[in-house]
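To keep things clear, I will list the structure first and then write my remarks on it.
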Amino acid sequence: MWQQIIQKVQEIFAPFTLQYIWIADVRYIFFIALLAILYIANSRYAENNLQHLNSLKENLKESRWRYTASQKRLMNKSRQTEVAKNVVDLDLQELSKPPKKIIIPTQ
């Protein structure tokens, strides 16, 4: 009698055993695993993109600094007094009188 009761209980709860659940939900488990892999890959891709973006920002800051420094040097070297100092070796002098305009009459 107890064996019959145990057998009936086993028949009633048979669909809820681990083996049955595992077989029934294999596709769902694989789908969840695929989603987890895609999530991890996407996070890694986003992190790599952020690192690349940060390195590009640093390069841009450095390039801006070099541009500003070069521009400052050029402005300093193109001043009239600096140009006059640099052309002394060539025996050139500043004009003391304004330049004369040459006018050619047209016919």
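Structural remarks
- Distance between the modelled labels on Met1 and Glu62, one decimal in nanometres: 9.0 nm (7 Å Cα→Cβ projection).
- The calculated FRET efficiency for Ile29 paired with Val9, based on their beta-carbon distance and R0 = 30 Å, is about 0.60.
- In the chain, the DSSP-assigned H stretches of four residues or longer account for a calculated mean residue ellipticity at 222 nm of -25000 deg cm²/dmol, using -39500 (n - 2.57) per stretch and the full residue count as denominator.
- Inter-probe distance in nm under a simple model that places probes 7 Å from Cα toward Cβ, at Ile37 and Asn49: 2.2
- The chain: angle of helix 2-13 to the longest principal axis, Cα-based, in degrees nearest 10: 30
- In summary, the lysines within cross-link reach of Lys85, defined as a Cα separation below 22 angstrom excluding same-chain residues under 8 places away, comprise Lys72, Lys77, Lys97.
- Once the Cα atoms are used to define both axes, helix 26-77 deviates from the longest principal axis of the chain by about 10 degrees.
Any read-out appearing in this document is the output of simple, stated calculations on the displayed coordinates, not a laboratory observation. Every value quoted in this text rests on a predicted model; they were computed, and no experiment measured them. Don't worry about glycine lacking a Cβ; one is built from the backbone with ideal geometry, like all the others, and counts go over all protein chains shown.
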